[in-house]
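Visitor: Got a structure here, written out as structure tokens. Questions coming.
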Amino acid sequence: MCGIVGYIGKRKAYPILIKGLHRLEYRGYDSAGVALINPEGQLNIYKAKGKVAALEAFAADKDIEGTIGIAHTRWATHGEPNTVNAHPHYSESERLAIIHNGIIENYAVLKAGLMEQGYTFKSDTDTEVLVQLIEYTQINQHVDLKTAVQLALQQVIGAYAIAVLDKDHPDTLIAARKGSPLVVGIGEDEYFLASDATPIVEYTDKVIYIEDEEVVSLQVGCDVDITTINNVTKTPEIKRLELSLSQLEKGGYPHFMLKEIFEQPRTLTDSMRGRVNVRQDNIALSGFIDNKDRFLNAKRIIITACGTSWHAGLIAMYAIEEFAQIPVEVEYSSEFRYRKPVINKDDVVIAISQSGETADTLAAIQLAKQKGAFIFSICNVVGASIPRISDSGCYTHVGPEIGVASTKAFTAQVVALTMLALCIGREKRIRDERISGTTNPLTTNPLTEEQFIRIVRELGQIPDKIERVLGQNKRIADFAKTFTYAQNFIYLGRGYNFPVAMEGALKLKEISYIHAEGYPAAEMKHGPIALISQEMPVVVVAPRCGTYEKVVSNIQEIKARKGRVIAVVTEGDELVSRIADYIIEVPETEECLTPLLTVIPLQLLAYHIAVVKGCDVDQPRNLAKSVTVE
Ligand code: G6P
């Protein structure tokens, strides 16, 4: 989603801003722009529809001087994606320039009031309303820019991260946030500003995360000044970044998505490091250990997430119910937050979010927190908003995920949730046995110690087994070419692999623009079977597990209707191999861990189909990596 970059210091701002915009490209956007105050005190704004490269081409012969500037990638909300609506926006007098992430919900009322005062508007954006309001406040209340920003934001309903320049004060950069992330980087006599740390990491590892309703004033030679919009002074908390530049490069791969798919053996090893101890047959998850009783006493666990993270949540439902026998509900955050959900004090709410910034998930846990539930979050980006407001949690530690379509973050979420399910199940059994003084199978939890140990040992094998699946990349790339004609795909799976079918379908939709649906295999008879023909490829996730025979019957039903089947099966499978058109084998593993292997070929299949179709794999149209608006 929209990206913000800002710079104030002694260096030329333009190259830093452009490089920063490139670093933020992964978030998804449809236009870009930059504002600079040159040494003569002129405020220049350049904007272009499309990629940052288009902006660079446009600005190539323009005045790009200046040591202070702001830049933006816009993901359209109000007004179509074109140059006029792109940020930065000037104020009426063209003295101020603003960039903005988020949505000003009451912009129409504010705009009407400003129009009555004679203000005119060039764009359809809510952002232009805000910069006009700031200028109006500054002039009418005779206040400085920071105060005008504070007063204007007091009137705003909605979400924002903003940065503002005033050409009459070329030594000051003002920024503020509510709901949309904003980070300040502290250099030597210079400051950086960005939506996330990726544009900052090559200059400094000292950062300050701006909190909601805080306004920050950056001036060379002065300390960072932070107040709330109500002018309460805050003490900046400087944090150290744990991010390296090499993590942001493609490392020889043609796309970030392919790099991230291939990173999974390592990223999962990182996710499990210090947690899964194969030699001692143990899992140590500090966020669980510190809050054990909350989990063991929970009457219900609610999982809330969006997109791919929601699919990880569905897999967790199977694992937690199987091992811990606690009822689990998996909710789309966007629905949960608005449907007046029943939340009790003894509920545990698990929020899953790669970015840790998804607006709906953030709002969902704020609601659950107000009602007294315990919030545990599974996030990748350290220090993001969701982990910060959670009671406890577990970072996935897979490094930055740049490809918009989530891959390595998904498998790490599944690992984190599986570790959690195993911890809850085991501790619950130990507690029940202590209370009843028996191992009576009727009163104890179904997760036996033998099963726990087996799964822990198997978790340790997963990175190597993923490596074996990745070994089939070339073959998957070859047969992917056969399917670029398709307009529609169906993905089928059961049990733990039903969410995998949905995730496979989502990957294909996201990056190849082919319509795809994920279905529980047995539900096929209740509708999708009507669609089956030679033109409709069906991907069936059919590893050897509890419902294997039933899935084989589904494949036969598809073949009887001349459907073309791509099947993901366990190594050595003979039954499905005989009837399916294409086979991808994954190594044998515990049933609860099969998603970690079966999802890999589906990621690769989507990737190769999109590449052959010539799609922009890493930045698919209309999609955003971090969805910070509802
Ligand atoms: C966007 C991304 C998806 C992601 C979803 C949830 O739609 O494109 O890849 O799964 O947001 O994001 P989160 O950061 O909360 O996991």
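Visitor: Any residue in region 600-626 that is over 17 Å from residue 477 (Cα atoms) sitting within a Cβ distance under 6 Å of a residue that is small (Gly, Ala, Ser) and more than 11 Å from the ligand (Cβ to nearest atom)? List the pairs, counting only those 6 or more apart or interchain.
Guide: none
Visitor: How many residues are assigned to a loop (DSSP other than H, G, I, E, B) and more than 16 Å from the ligand (Cβ to nearest atom) if we restrict to region 14-30?
Guide: Just the residues of region 14-30 that are assigned to a loop (DSSP other than H, G, I, E, B), to begin with: 28-30.
Filter once more, so that each one left must be more than 16 Å from the ligand (Cβ to nearest atom): none.
Number satisfying all stated conditions: 0.
Visitor: Another question about this same structure. Consider region 315-347. How many of its residues are free of Cβ contacts under 8 Å to residues at least 12 places away in the same chain and not in a helix (DSSP H, G or I)? Write out each step before concluding.
Guide: Initially, region 315-347 is screened for residues free of Cβ contacts under 8 Å to residues at least 12 places away in the same chain, giving 321, 335, 338-340, 342.
Next, only the ones that are not in a helix (DSSP H, G or I) stay: 338-340, 342.
The qualifying residues number 4.
Visitor: Quick one: which of 565, 552 is without any contact (Cβ under 8 Å) to a residue 60 or more places away in the chain and closer than 16 Å to residue 497 by Cα? Give the derivation first.
Guide: On the way: 565 fails: closer than 16 Å to residue 497 by Cα.
Being without any contact (Cβ under 8 Å) to a residue 60 or more places away in the chain and closer than 16 Å to residue 497 by Cα holds for just one of 565, 552, which is 552.
Visitor: Out of all the residues in region 254-270, is one or more charged (D, E, K, R), assigned to a loop (DSSP other than H, G, I, E, B) and at pLDDT below 95? Don't jump to the end; show me each part of the working.
Guide: Kept after step one, since they are charged (D, E, K, R), are these residues of region 254-270: 259-260, 263, 266, 270.
Okay, now just the ones that are also assigned to a loop (DSSP other than H, G, I, E, B), so 263.
If we keep only those that are at pLDDT below 95 as well, we get none.
No; the residues of region 254-270 include none that is charged (D, E, K, R), assigned to a loop (DSSP other than H, G, I, E, B) and at pLDDT below 95.
Visitor: Here are 186, 157, 103: which of them is of a type outside the set (Phe, Trp, Tyr) and closer than 25 Å to residue 622 by Cβ?
Guide: 103
The rows are residues; the columns are (1) small (Gly, Ala, Ser); (2) away from the ligand (no atom under 16 Å from the Cβ); (3) under 25 Å from the mean Cα position of the chain (by Cα); (4) over 20 Å from residue 471 (Cβ atoms).
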position	(1), (2), (3), (4)
583	no, yes, no, no
621	no, no, yes, yes
624	yes, no, yes, yes
627	no, no, yes, yes
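Visitor: May I pose another question? Regarding residue 14, is this residue under 27 Å from the mean Cα position of the chain (by Cα) and among the hydroxyl-bearing types (Ser, Thr, Tyr)? Reasoning before the result, please.
Guide: Numbers: under 27 Å from the mean Cα position of the chain (by Cα): no; among the hydroxyl-bearing types (Ser, Thr, Tyr): yes.
So residue 14 does not fit the description; no.
Visitor: Note down all Cβ pairs under 7 Å where the first residue falls in region 163-179 and is over 15 Å from residue 44 (Cα atoms), the second is assigned to a loop (DSSP other than H, G, I, E, B) and among the charged types (D, E, K, R), and they're at least six residues apart or on different chains.
Guide: Close Cβ pairs satisfying both conditions: 177/212; 178/212; 178/213; 179/212.
Visitor: Of all residues in region 297-324, which are of a type outside the set (D, E, K, R) and surrounded by fewer than 17 Cβ atoms within 10 Å (Cβ to Cβ)?
Guide: Once the filter is applied, which keeps residues that are of a type outside the set (D, E, K, R) and surrounded by fewer than 17 Cβ atoms within 10 Å (Cβ to Cβ), region 297-324 yields only 297.
Visitor: Enumerate the pairs (first residue in region 390-414 and free of Cβ contacts under 8 Å to residues at least 24 places away in the same chain; second residue anywhere and more than 11 Å from the ligand (Cβ to nearest atom)) with beta-carbon separation below 8 Å, excluding pairs fewer than 6 apart on the same chain, so at least 6 apart or on different chains.
Guide: 395/382; 395/387
Visitor: Still on this structure, please answer the following. Could you give me the residue pairs with C-beta distances under 9 Å whose first residue belongs to region 465-487 and is under 15 Å from residue 569 (Cα atoms), whose second residue is of a type in the set (D, E, K, R) and in a helix (DSSP H, G or I) wherever it lies, and which are 6+ apart or on separate chains?
Guide: What qualifies is 465/458.
The values are calculated or read from the model by the stated rules, or taken from the named source; none is laboratory data. Predicted model, so just to flag it, every value in this text is computed and none were measured. We place every Cβ from the backbone using ideal geometry, glycine too, and count neighbours over all the protein chains shown.
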